[in-house]
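Read the structure below first, then the notes.
Each reported figure results from applying straightforward, stated rules to the coordinates on display, with no laboratory input. Bear in mind the structure is a predicted one, so any value in this text is a computation, not a measurement.
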Amino acid sequence: MTTGDKDPAVKLANDFKKRGSFDEEKSRILSGPVDCAEQTTLEEYVRNRAASLANDMVKEDESLIFKNRGSTSALIEGQLVKNGFEKLNTDNLQIDAYLRKILEDPAFKDSLKARLRANMEKSSDENGDVPM
C-alpha cells in the first residue's frame, strides 16, 4: 500500500508524529504540575513512583537483580502498566483518571484539533493536494 492509498486519518496521524507534534503534546502533558504534589511535574511523579515500585519489587525478590536486564525491565514495566497503571496510583492521585481528565479537557481537544488542521494544511501545501 502506498502513502496515497492510506486512510486519511492514518496519514494525518503519521504526519502529526513526523512533524514532532505528538512529542510536543506529550512533553507538555508530562511537564505539567501534578495537582496532589507541590512543585512536581507529572513526569517526576511517574519516575518517582516507578522507582519506588521497582525498589519494592527488588526487596520482595532479590533475584531480579541478577536476571537479564531486558527481562527484568519487561517484568517491571508489565507490573506498572497492568490494570490501567493501577500500581502508580496513590491515595492522592489516580494516574489513569488524571490522564483521562487532561485528554478529555475541551481546551486540550480544541488545541489538538487546531494543530491537526494546521498540519493538514501544511501537508496539503507541501504536496499540492486540495485540502479536505
ask   = Relative to the longest principal Cα axis of the chain, at what angle does helix 106-127 sit, 0 to 90 degrees, rounded to 10?
value = 50
ask   = Mind checking the angle between helix 69-85 and the chain's longest principal axis? C-alpha axes, 0 to 90 degrees, to the nearest 10.
value = 70
Within straight-line cross-link reach of Lys109, aspartates and glutamates at Cα separation under 14 Å, skipping those fewer than 8 residues along the same chain = Glu25
key: Eligible lysines near Lys6 by straight Cα distance, threshold 19 Å, same-chain separation 8 or greater   = Lys17, Lys18, Lys122
note = Only helices counted: for the chain, with every DSSP H run of 4 or more residues adding -39500 (n - 2.57) and the sum spread over all residues, [θ] at 222 nm is -21500 deg cm²/dmol
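Could you state the per residue volume, in Å³, of the convex hull enclosing the Cα atoms of the chain? Please list the in-between numbers first.
Working: hull volume 20.7 nm³, N = 132.
Looking at the chain, the number lands at 157 Å³ per residue.
Remind me, relative contact order of the chain in percent, using alpha carbon pairs under 8 angstrom and six or more residues apart?
19
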ask   = Under 27 Å Cα-Cα from Lys67, which lysines qualify once same-chain neighbours fewer than 8 residues away are excluded?
value = Lys59, Lys82, Lys87
ask   = Between the helical axis of 21-30 and the dominant principal axis of the chain, each derived from Cα atoms, what acute angle in degrees is found, rounded to the nearest 10?
value = 40
